[in-house]
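Each remark here refers to the structure printed beneath this line.
The values are calculated or read from the model by the stated rules, or taken from the named source; none is laboratory data. All figures in this text were calculated on a predicted structure; none of them were measured in a lab. With ideal geometry, Cβ positions are generated from the backbone for all residues, glycine too; neighbour counts draw on all protein chains shown. Just so you know, the surface numbers come from the protein's heavy atoms only, side chains and all, with ligands and any DNA or RNA stripped out. Shrake-Rupley method; radii C 1.70, N 1.55, O 1.52, S 1.80 Å.
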Amino acid sequence: MSMTVLADAIGPREGTARLAKQAVLVVLGIAALAIAAKIKVPMWPVPITMGTFAVLTLGTAYGARLGLVTMLGYLLVGALGFDVFATSSAEKFGLTYMMGGTGGYLVGYLMATVMLGALAARGWDRSFGKMALALVLANVLIYVPGLLWLGQLYGWDKPILQWGLTPFLVGDALKLVLAAVLIPGLWKLVGNARG
């Protein structure tokens, strides 16, 4: 059973106006992903970057197709050498950066976006419990290719979990709770606005 995702519930739903809305959402989504990747909140043991939060909320709000197009656009902008990733810089950017330690996580972003969009289309984004479960599954989809890539890149004899998982768990748990509250809350606002 397919339901409406947030992006479909707001604004035009058909014709040229819908396509224009989607194009604007893609551009805004790419900008939001780039900005969020650069936001660092001081936290122990490592600062929290808001890039993952943007991926989770955008994938849920946009749905699988529009979310995937937006993520692919973001990755394309990054591949072209623009400084849109969390730790990219003038010295390390583009494909060089993408093939480094974060490459697997970027693949995970794509997988998580599609899964979250598909679950949102089934109504998982309307309640805190289902949304939280969807976000946990999405984080697994981000971490698995990320850790596998780190292991391939640097060798399995290295402390891969200490490099790519454990320092981020506290921050990711906080982002999960925030997204699990935000998305169902936005649905309530949409419902109240229509009522």
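What the table below lists for this structure:
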{"quantity": "Heavy atoms of R18 accessible to a 1.4 Å probe, total area in Å² rounded to 10", "calculated": "80"}
{"quantity": "Cα gyration tensor shape of the range 43-102, rounded if a/c is under 1.5, else prolate or oblate by comparing a/b with b/c", "calculated": "oblate"}
{"quantity": "Approximate shape of the range 116-195 as ellipsoid semi-axes (Cα gyration tensor, √5λ), whole Å, largest first", "calculated": "34, 12, 8"}
{"quantity": "For the range 1-129: accessible area per residue (Å², 1.4 Å)", "calculated": "49"}
{"quantity": "Heavy-atom SASA rank of L186, L76 (probe 1.4 Å, accessible area, largest first)", "calculated": "L76, L186"}
{"quantity": "With DNA, RNA and ligands ignored, accessible area of I183 (1.4 Å probe; Å², nearest 10)", "calculated": "0"}
{"quantity": "Lys/Arg +1, Asp/Glu -1 at C-beta; the chain dipole; positive extreme among N139, I48, G29", "calculated": "G29"}
{"quantity": "Accessible surface of the range 105-172 [probe 1.4 Å, protein heavy atoms]: carbon and sulfur percent", "calculated": "75"}
{"quantity": "Length gained when the stretch E14-M99 is fully extended (0.36 nm per residue, less Cα-Cα span)", "calculated": "26.7 nm"}
{"quantity": "Gain on full stretching of the segment that runs from D157 to L169 - 0.36 nm per residue minus C-alpha separation", "calculated": "2.1 nm"}
{"quantity": "Carbon and sulfur %, accessible surface of the range 1-60 computed with the full protein complex present, 1.4 Å", "calculated": "72"}
{"quantity": "With DNA, RNA and ligands ignored, accessible area of T87 (1.4 Å probe; Å², nearest 10)", "calculated": "90"}
{"quantity": "At 1.002 mPa s and 20 °C, Stokes diffusion of the range 52-138 via Kirkwood alpha-carbon radius, µm² per second", "calculated": "161"}
{"quantity": "Whole-Å semi-axes of the ellipsoid equivalent to the chain (Cα gyration tensor, √5λ, descending)", "calculated": "29, 19, 14"}
